[in-house]
Each structure stands twice: as C-alpha cells, then as structure tokens.
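Working notes, beginning with the structure itself.
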Amino acid sequence: MSTLSLRIQYRPVRVGFCVQKDNMDDLRQALRLVHTLWGGRFNPIIPIGATEEDDAEAKALVDAFKIDVLYPVTSVRLVEDFINGFTYLPWPLFHKSLFVGSARGKVASFMDIYHPVRRLFEEYIKDKPEPKIKGTFYEWMDSDPLKDVFAASFGLYPTQAEVDKDYTEFFVKYLHGERVTLNSAEPVPTEAYKELTPSVVSSWGLEIERSFRQHDNPGFYVGDCDDFNDITWFWNLRAADIDLVFYDPRHQTRLDGLKRAWIDVLGKRATDPIGLRNAVAVWARRLERFEGQDFGPQMLRCLVGLNVEPPTVHINEQSVLGSVADSGGRQSISFQLPPKQFSEDVGLYSQNLIVGVDPIVELSEDTTVKPPYIPELNEYYGREFYFRWNQARSQKAGIGIILGVTHDDLTLRALPNRELISKIFRAFGMEAQPSKPGLIASRLIRQMDGLQGCRVFKIEGVRKLIEKYGPLGSFTRSGAIQIIGQNDPVTGKPRFSDFEGLFIEQRDYLRLKPEDALRYLTQQNVFRVGLNLHCQHCELDFWLSLDDLATDVRCELCGHLFNITSQLRDRDWTYRRSGLFGREDHQEGAIPVAITLQQLATTIHGLIYTTAMSITSLGAKIAACETDFVAISQGGYENRVALAVGECKSKQEITEEDVAHLKAVADAFPRNRIDAYIVFAKTTPFTATEITRCRAAQAPHRFRVILLAQRELEPYFVYERTEKEFVLDSTAISFEDLARGTHQAYFDPKPKAGPVVPPEAQDAVAGEN
C-alpha cells in the first residue's frame, strides 16, 4: 500500500446572507446573525432585487466571495428563487437552519464564536490576576441615526428569544466585556476602531490568504448612514478584508474625532516604496461623494464595485499522509485528520466546518485527486470524490468537504479524467463523449507507459519509420537505424544531433543513438522482431515473429511444414509494426496527439487531460465536432482554471472548419470561470495560410491560440529552437505563456537575424517538407 502527502486546511463555512434589497429590517437581522459565526466578519450580505442589474450584482457577489452556502434571512419568494438558482450550492445539512435543537438547547449549524471566545478566554483571561484583554460591547438607542453604522462596524447579536442563546451575555462574561453606551448626543469614541468588539471576535484567530489582485488599502467609506446600499457595501468591502471606517458628512460632529484618529493611524504605516499604499483609500458609490472631503494629502478615490478580490481564510493548516488503495476499480485515499485548533466538545457535535484537502501530487495520469475549481461540479464532486452529494465544495486548491467538528477521518476517491472533463463540458451546455480516435490514442499512450514514454516520437526518424512501412511491411535493423538517424545520402552519417540529448530511458552514456531508439520501440512493442523466410513449397516469402520461430515452421501462405535451419546463416533480423502500430489507419492520428500532450505535460505542471472527444450541443452555440484532446490546468498568479481544446495533425492541413469548430467550443466556456485556449499542433511546419487561418480564432483583448509545430514539439523545452529565430519570452509554464509565445513567434514575429521569409516562400518550404 502506497502513501500520499496531503495539505489539510480547516476553515469556517462561508455563508452568503441573502436579504431583500432595500429592506432595512432584513439587513439588520443579517448583521445580527452574521456576528454569531466564526469567520462571520468575512461573510457577505447579498441584496436580492427584482431587476436584472440587481440579479447580476448578487450573482457576482456569490462568485467573488466563493460562497459555500446561501442562507435566506427572510422567507420571501424573490430570495428563495435566487437561492434555488444556485443548484451547485445545496444546503449541506438535514435541517435548513442556522440553529438546530440539541440536548443542550439550540446550537449553531456552523462554527460559531464559542471557539474564538474560548481560545481568548483560556489564553488571556483564565486564571490571570489581571486579564490582558477585555471585550467592549457597544450599545445604542434604537433611535440613534448611526445605529446601522454601529451594527456593521462593531457588531451585535440576536436576542435569546430569536436563537435560544444569549450571545451578548456569553461575550460579556467570558471576555470580561465592558458595556459601553453610545450616546446620540456625543461623539463616537476615538479609540473605537481598535476595541475587541463582536466584529473583531468573529474574525479572531483566522489566517488570511490574499490574492495577488487583492486591493486592501485601508481608509474610509463615505455614505449615508440610513441608506441600505451604503450600509451593505460598507459591510461587504470590510468582508473583503478592507479596513474601513464609515463616514457620513451629515454627522461630522460625532464622527470627526474618530476620523482624525484613524487618519493618524494610517499615517504611521511603513512607507510604501511604490507610494500607492501610502494613500488613504476613500470609497463611495457616486463621484460627487468625493467633493469637499478632506482625508489627508494623499487620498485614493475608489468607486464601489466588484473590483476587489476577497481573501480566503482558514483556522489552521497541516500536512498528513494518506493511505492509497484500490476501491471498486478506482484509487482512494484514506487519512486521519490532523489536530484541530478549536473545540471538539461533544455539545458542539452538530456544528460544521470545511476541511480543505489538497494532495501534493496526482496518483496517475488517467485520474485526478486535484479537481479544478469549478463550483458548478460540486454535486459531482460530492457523489464521486466524496460520498455525499451535498457536502463537497470546489475550491481554488483541492476540494473542500463540509464535516462536523468532531469528525476525525476522511476517505476520498480519485476522479477519472475523461469522466471529469465530460462533466465540465456538460456544465456549460455541451456533450463530450470519447471518440474512436480518442480511445486509440489513449491506448497508445498507455502502451508507452504514459506521456513521458512518448518522447521517442519526438524523433523525426522514428515517425518516418512508422509511416514508411505498413502493417505487413518488414525492415531490417540496419535499415531502421538509418531511417531513425536520418543518415545523409551522400556521406552516410547520421543527422541525429537534435535528439542526442533526448532522455527516453536509463542509459550509461551521455548521447542518445538511433539504435537506442529502436531498442526502446521494440521493448514497448511498437515493433516485433522476426525473420523473413522463404517457403520451398510455394516459393513465396513470408514473415514470422520471434515468438513463433521453431526448427520446423508452417508456411502461413500454403500451410507447408518445413525446416528453417538452412535459412539462418548470416540472416539479419527484421521488424514489423505491432499492436496498435500494426493497424492500417495510422493509429487514427494518435502520434501527433501523444507528442503534443507530452510537450504540454512537460511545460505545464499538473496537467489533466483526455484524448479525442466528440462534442455536441446541449444548448451551447456550437456545431457538432471533434477535438483531438482536452487539457486542463490550474495555477498562475490568480490560480485560474485553464482549459485547452486541440487539433493535431502530421502533414494534413489545418482547415477553416477546424478553426471555426474549436473557436465556437472555446467561446462556449464562461470567461468568469474558465480561461479557454485553442491548440493547433503539427509535426511539420505550418504554412502561412494556416497561420493566418488560426489567428482568426483569437479572443478580443486576449491571446488564446497556441501553435505548436515540429520546431516546438521536438525539443525538450518548447521554445528551445524557436528562441534562436525570434525575439520572444522563451520561458513557458502555462497555457497563457504558450499563447503569448505563439503571438511572438507566429502572429507578430520579430526575427533575431536575417531577412523575413515571405509567406509564399514559407508555403513552398512547408510543401517540400
């Protein structure tokens, strides 16, 4: 039994609190409920309106915050219809409530503030003569015009009558909390921004993972304290981990002291070498809000919108070893969960969190345990990766499983790549099924022991040897070595220097030789060894494999039995294509597919792929077509999912139909979820006509077409030869890099030296090859 290392993260369930737009009572209830949850400070409030613009904004919030579950603060048809539209975010528990009954009364369905409060109490207060911290619970009159600002800034809790739990008393008791009344006739305390309030407690002890695009400049939000949209956006920007203080110019008498204190704090930050982070960010929904406002000499004006990237948060992270076993024909991983930095009291057994599982490596080329971030597949991940359809959540790194806090082990199953990719296409309106060429290519790759075993096909002479002789044609060892080595017809010497550094198997010497390639092909059953024999009865020649040789053999043409010993003197062994390579159909074009996928797998880490698929429409605007492969990766600065569809040929032409079909398929994938790329590959050079044709598949404002010809497919590093001819970024580790390299080498080439070859000359040269 083998083992696999996994990275395990515990994180709070991220809840999207759905409220009816412009309903202040709903908003206030959401602000009370959200503060009961650990991590609630990072949970958005999603206003649901009746217009298409409202619907688009609400959906964008769900997507931006990578919501795990949606909770209706109020049961109205509009809100319920919105939640029901997110079929891939099913409620993961039996009871569809934030609080469920237990022997000790009602308990929160998800991890609540009991956990951070207990840690704070045990670490800073318990048995301490003078506690190092104390909580501050701000209270205010219901008639205070700033009440909603206070609720969003400092936090408050629902009443005991609402949830059968007195969170306010719990906070005050265990954090030595001080109740402070905010008088509507007095300024807000200038130190309020740094007190240990319910808002701070709900986010305490969590690790924050920011993206490279994270806009987190602290500052102010300028708005109206009684405006639903301003309060909601203020909350959501702070939920995106932007430290903001609400400022309403109509109440400057009460807020100016807090404003000046916060500006002083921001002014004491370490100097930013670039200068941008020295500014005080000021957010508002309208441009006129910035007029007449003074927040210091460096003010960064920010219009409210989804131009932020909310971070993910987790409680703790550790690595574990999982045991790998075969389960029902599919590999599975079982492991014990690491120690938890939160309470596992039996009274909290009904509380849930998310266990994020990110395996370090894959188990095999045909399956994946690192599925891509596509939330639309949550139910599929739940049924097939885990064992419960509603408890899996796709995440940027690995998969998340919603589990009870007392759970201590987990078993996950690997997903078949072909099945996974079919589900991805179906999620976006397409049916993708394996085609006959795809099955052949897949079998060929397995015969070669995986993609890296297909490196031998990079050798041009190997491809020519396979093409030259049909299934019934035989050739000698010396003849094969000459073809593989591309021997010069004049000198007779091999022209093999481009492939001498190619590694295909372990060897004791530095340079690869043509005979090494022939031996490897024979070991992989690409060729069978045998003898050409002459039948003395029918006087015809036939070929017999080494496995069938004996002293007396039977002629396969006439059936005559004869002794072959007289024919063995000075006899050279001969070879024939074997297995898949013994087919008349040239393996349905599998060799160009194998070489292309091998080069992509070498270039891009963690590639998930499948060979040729037949694609039809289930609603997407595409014509029925085939793609020679589909490959998926996830990574880069933003850890986005990239999917490539490919057309691979040897000498045949890339047609306008090929380009049009794959362009439509790429267009069918939503940009907010998947970066779609189109790969055109040939084991010979492209003609200028093909290059122009392929360029038409580019997307507006983005490079997505990738061209890989003989020049890019044969070297180990994709642009090893190309960079000698053109000025380009030769380092490529992603589809994005390859698309940029294609633009630099094919669509906007800048030769390093020598004249540019005109298109008609390029076509002539390509025709000769």
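The values are calculated or read from the model by the stated rules, or taken from the named source; none is laboratory data. Quantities reported herein were computed from a predicted structural model and do not represent experimental measurements. No Cβ is skipped: glycine too gets one built from the backbone with ideal geometry, and neighbour counts run over all protein chains shown. Side chains included, ligands, DNA and RNA excluded: accessible areas come from the protein's heavy atoms. Shrake-Rupley method; radii C 1.70, N 1.55, O 1.52, S 1.80 Å.
Overview of values
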{"read-out": "Net charge of Cβ neighbours under 13 Å - reference Ser327; Lys, Arg +1; Asp, Glu -1", "value": "0"}
{"read-out": "Unit charges at the beta carbon, dipole of the chain: most positive-side option, Leu607, Val73, Gly473", "value": "Gly473"}
{"read-out": "Region 435-533: C-alpha gyration tensor shape, a/c 1.5 cut-off, then a/b vs b/c", "value": "oblate"}
{"read-out": "Dipole of the chain, positive end: most advanced residue of Ala681, Pro218, Gln20 [Cβ charges, Cα centre]", "value": "Ala681"}
{"read-out": "Three-way shape label, region 638-723, alpha-carbon gyration tensor, a/c 1.5", "value": "oblate"}
{"read-out": "Dipole of region 208-345, positive end: most advanced residue of Val308, Thr232, Gln331 [Cβ charges, Cα centre]", "value": "Val308"}
{"read-out": "Simple Cβ-charge dipole of the chain, Lys/Arg +1 and Asp/Glu -1, about Cα centre, in debye nearest 20", "value": "1080"}
{"read-out": "Accessible-area ranking of Arg210, Arg577, Arg711, largest first, probe 1.4 Å", "value": "Arg210, Arg711, Arg577"}
{"read-out": "Under 5 Å, built H, 5+ apart or other chain: amide partners of Val705", "value": "Ile678, Ala699"}
{"read-out": "For peptides 227-233, 487-493, 610-616, sequence by mean Cβ density within 10 Å, most packed first", "value": "610-616, 227-233, 487-493"}
{"read-out": "Eligible lysines near Lys752 by straight Cα distance, threshold 17 Å, same-chain separation 8 or greater", "value": "Lys724"}
{"read-out": "Reach of Lys750 by Cα under 13 Å, taken over aspartates and glutamates that are not fewer than 8 positions away in the same chain", "value": "Glu723, Glu725, Asp729"}
{"read-out": "Read-out volume of the Cα convex hull per residue in Å³, derived from the coordinates shown; its label in [x] 206; [y] 227; [z] 214", "value": "[y]"}
{"read-out": "In Å², nearest 10: area of Val313 left accessible to a 1.4 Å probe", "value": "20"}
{"read-out": "Candidate lysines for bridging to Lys268, where Cα separation is under 16 Å - those fewer than 8 sequence places away on the same chain excluded", "value": "Lys194, Lys259"}
{"read-out": "For Gly135, net neighbour charge (Lys/Arg +1, Asp/Glu -1) across residues whose Cβ lies under 11 Å away", "value": "+1"}
{"read-out": "Region 260-338: trypsin sites (Lys or Arg not before Pro) in DSSP loop, at most 13 other beta carbons within 10 Å", "value": "Lys268, Arg269, Arg286"}
{"read-out": "In nm, spacing of pseudo-spin labels at Asp54 and Ala660 (7 Å Cα→C-beta vector)", "value": "4.4"}
{"read-out": "Label point distance in nm, Ile133-His537, each placed 7 Å from Cα along Cα→Cβ", "value": "9.5"}
{"read-out": "Theoretical ellipticity at 222 nm over the chain - DSSP helices of four or more residues, -39500 (n - 2.57) apiece, nearest 500", "value": "-7500 deg cm²/dmol"}
